[in-house]
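Undergrad: Before I ask anything, let me first share the structure, which is written out below as structure tokens.
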Amino acid sequence: MGPVQYIILVVWALSTIALIALVLMHSGKGTGVSDMIASSLYNSNAATGVMERNLDRLTVILAGVFTLCVVLCMFFFPQGIVGI
């Protein structure tokens with residue numbers, strides 16, 4: 001494996017972990033336990049809207065990075081990584 005392939009795999013792994021964390025940081029939309037926790041963490045409605053919007057943007061950007069890494073892996077690992 002070359003250095004470009006290692007870089008792609010590292011970026012893919014980091015974007016996966018960050019994407020999972022960002023998705024879990026989103027507040028729940030229902031009236032369950034997640035809504036009770038989220039309402040205790042955020043007191044101001046105006047600040048929550050701005051934070052939620054920025055969190056949405058960051059999640060979409062990281063989802064794009066993740067998707068790009070998957071597509072690049074299709075080209076750089078056409079046979080898989082069985083023969084390492």
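Undergrad: Do we have T48 as at pLDDT 85 or above, of a type in the set (S, T, Y) and in a helix (DSSP H, G or I) here? Break it down into steps so the answer makes sense when it comes.
TA: Numbers: at pLDDT 85 or above: no; of a type in the set (S, T, Y): yes; in a helix (DSSP H, G or I): yes.
Taking the combined requirement at face value, the residue does not satisfy it.
Undergrad: Then there's this: Hey, among L14, L24, which residue is among the aliphatic types (A, V, I, L, M), modelled with pLDDT of 60 or more and surrounded by 13 or more Cβ atoms within 10 Å (Cβ to Cβ)? Walk me through it before giving the result.
TA: Numbers: L24 fails: surrounded by 13 or more Cβ atoms within 10 Å (Cβ to Cβ).
Matching residue, one of L14, L24: L14.
Undergrad: Is there a residue being modelled with pLDDT of 60 or more and not in a helix (DSSP H, G or I) anywhere in the range 57-77?
TA: Quick first cut of the range 57-77, residues modelled with pLDDT of 60 or more only: 57-77.
Next cut, not in a helix (DSSP H, G or I) only: 77.
Within the range 57-77, one or more residues are modelled with pLDDT of 60 or more and not in a helix (DSSP H, G or I).
The values are calculated or read from the model by the stated rules, or taken from the named source; none is laboratory data. Computed from a predicted model, the values in this text were never measured in an experiment. All Cβ positions, even for glycine, are placed from backbone atoms using ideal geometry, and neighbour counts span all protein chains on display.
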